[in-house]
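Trainee: The structure's right below; bear with me while I get my questions together.
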Amino acid sequence: MFSEYQGQIDVVDLPEPAAESDGVVVRVEATGLCRSDWHGWMGHDPDITLPHVPGHELAGTVVEIGSNVDLWAVGDRITVPFVAGCGLCEPCRNGDEQVCADQFQPGFTAWGSFAEYVALRYADRNLVRVPEQINSATAALLGCRFATAYRGVVLQGRAASGEWVAVHGCGGVGLAALMIARACGARVIAVDPDPGARAIATSLGADVVFEGVDAARLPSAIREATGGGPHLSIDAAGHPAAVAASVESLSPRGRHVQIGLLPANHTTVPMGAIIGRELEILGSHGMQAHRYPEMLEMILDGRLKPDELVTKTITLSEIPEALPGMGDAHEPGVTVVTGFGC
């Protein structure tokens, strides 16, 4: 818990949460340490009310259900999209819960999963059953980074076999995007300044890897490597230079998908390239629960292996040091909290 932005983070005893009528309480078995949690601690998210318990990428077991919950029972293993739609508004009625105006986000609009127990709203609409073949550390990634990358590559980006896909930023989302694009039959360029991240990208099958330090030359280098530019390019880094390089490098009628969070007043998007080459600029914000089955099928049949992205596990007591450190250090792969004894 923290009581002020960029302040001390403490592991404390708090009352156990109670299930709201439309919600459940989950015993957390694993929760990802994500840069979005760091943004929340920094004060970049207006939905947070202090004091606050972060954590939004989780898997666990239902231990309590609300009076209006019909589809879930105590003992069910679940994960949940980090954006849970209300189910009542027009976007939700159209199946677009990821852009619900009254969305519930554990770790942002409410206390989150850096805890032994977490309360979740809108359970019948948003919970996702975790198959027994998928362990909790892997399932936690399906709440945010892996599902976000899946929607960005497959549903928004429409990656197709034989296309070139460029991924800017090889953190958890970027590496997941690389893996998913490869599973779709695409050829992939990975861009990251960190040698550890580039090494993992290579091990996951990236066809070309760039350091990305020379931002001025990067777009032309990508176009040269792909014979005219990628068909799809993804900014998973959330950096103005990555946005510019991603858009500038695209082939005519190519698609840019923005996943990484950008700072306020970021650099201008190169509109000349967008107009002259008729480029598509798309956002991607999580993934709806009803789209999970196709992703889970690819995991169960071995086409996708999100467990390969987990490079480190820590305990709850290590979060006060690990979370602030995400602003300075680049830890290749994904870190997951799996120990909850304090």
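Readers should treat all values here as calculations from the given coordinates under stated rules, not as data from a laboratory. Just so it is clear, the structure is predicted and the values come from calculations on it, not from any experiment. Neighbour counts are summed over all protein chains in view; Cβ atoms, including those assigned to glycine, are modelled from backbone coordinates with ideal geometry.
Trainee: Can you tell me the length gained on complete extension of the stretch LYS312 to GLU224, counting 0.36 nm per residue apart and subtracting the Cα distance?
Mentor: Full extension of this stretch gives 28.1 nm more.
Trainee: A follow-up question, please. 222 nm [θ] for the chain, helices only, -39500 (n - 2.57) per DSSP H run of 4+, per residue, to 500?
Mentor: It lands at -7000 deg cm²/dmol.
Trainee: Normalise the Cα radius of gyration of the chain by 2.2 N^0.38 Å (N = residues in it) and let me know the number.
Mentor: My calculation over the Cα atoms of the chain gives 0.97.
Trainee: Hey, quick one: spin label on LEU88, modelled 7 Å out along Cα-Cβ, who in the stretch 1-32 has an amide N within reach, i.e. under 17 Å?
Mentor: Residues 20-24 qualify, since their backbone N sits under 17 Å from the label point.
Trainee: With the crude spin-label approximation of a point 7 Å out along Cα→Cβ, what separation in nm comes out for VAL213 versus LEU262?
Mentor: Inter-label distance under the simple model: 2.6 nm.
Trainee: Please state the shape class of the stretch 216-281: rounded when a/c is under 1.5, otherwise prolate if a/b exceeds b/c and oblate if not, all from the C-alpha gyration tensor.
Mentor: Cα axes put the stretch 216-281 in the prolate bin.
Trainee: Quick one: which residues, 5 or more positions from THR313 or on another chain, have an amide H under 5 Å from its amide H? H modelled 1.01 Å from N in the peptide plane, none for Pro or chain starts.
Mentor: Long-range HN contacts for THR313: VAL336.
Trainee: In addition: Which cross-chain or sequence-distant (5 or more) residues have an amide H under 5 Å from the amide H of ILE234, H modelled 1.01 Å from N in plane?
Mentor: It is ALA166, VAL167, HIS168, VAL257, by chain and number.
Trainee: If I take R0 = 35 Å and measure r between the Cβ atoms of ARG129 and GLU4 in this structure, what FRET efficiency does the formula 1/(1 + (r/R0)^6) give, to the nearest 0.05?
Mentor: The value I calculate is 0.40.
Trainee: Still on this structure: Return the percentage of antiparallel bridges among DSSP beta bridges fully within the chain, rounded to the nearest 5 %.
Mentor: 45 percent
Trainee: Using amide H atoms built 1.01 Å from N in the peptide plane, name the residues 5+ places from GLY205, or on other chains, whose amide H lies under 5 Å from its own.
Mentor: none
Trainee: Next question, about the same structure. Specify whether the C-alpha gyration tensor of the stretch 146-283 places it in the rounded, prolate or oblate class, a ≥ b ≥ c being the square roots of the eigenvalues: rounded for a/c under 1.5, otherwise prolate if a/b is larger than b/c and oblate if not.
Mentor: It comes out rounded by the Cα gyration axes.
Trainee: Another question, then. Using only Cα atoms, locate the centre of the stretch 1-32 and the centre of the stretch 226-280, then give the distance between them in Å, rounded to an integer.
Mentor: A separation of 37 Å, based on Cα centres.
Trainee: Can you give the percent of C-alpha pairs in the stretch 1-160 whose distance is more than 21 Å?
Mentor: The proportion of pairs with Cα distances above 21 Å equals 45 percent.
Trainee: Related question: Can you give the percent of C-alpha pairs in the stretch 230-342 whose distance is more than 19 Å?
Mentor: Every Cα pair in the stretch 230-342 considered, those over 19 Å come to 64 percent.
Trainee: I'd like the Kirkwood hydrodynamic radius of the stretch 36-115, using the inverse of the mean 1/r over distinct C-alpha pairs, in Å.
Mentor: Here the Kirkwood hydrodynamic radius works out to 13.9 Å.
Trainee: Once label points are set 7 Å from the Cα along Cα→Cβ at both ILE274 and THR61, what is their separation, rounded to one decimal in nm?
Mentor: Each label point is offset 7 Å from its Cα along the Cβ direction, giving 4.9 nm.
Trainee: Given labels modelled 7 Å from the Cα in the Cβ direction, how far is it in nm from VAL11 to LEU50?
Mentor: Placing both labels 7 Å beyond Cα along the Cβ direction yields 2.4 nm.
Trainee: Okay, next question. Top mean-square fluctuation among VAL12, VAL154, VAL28, Gaussian network model of the chain, C-alpha springs under 10 Å?
Mentor: Among VAL12, VAL154, VAL28, the largest mean-square fluctuation in the Gaussian network model of the chain belongs to VAL12.
Trainee: Kindly point out which whole DSSP H helices in the chain project their C-alpha atoms 15 angstrom or further along the helix axis while averaging a Kyte-Doolittle hydropathy of -1.0 or above.
Mentor: What comes out of the filter, once short or polar helices are dropped, is 172-183.
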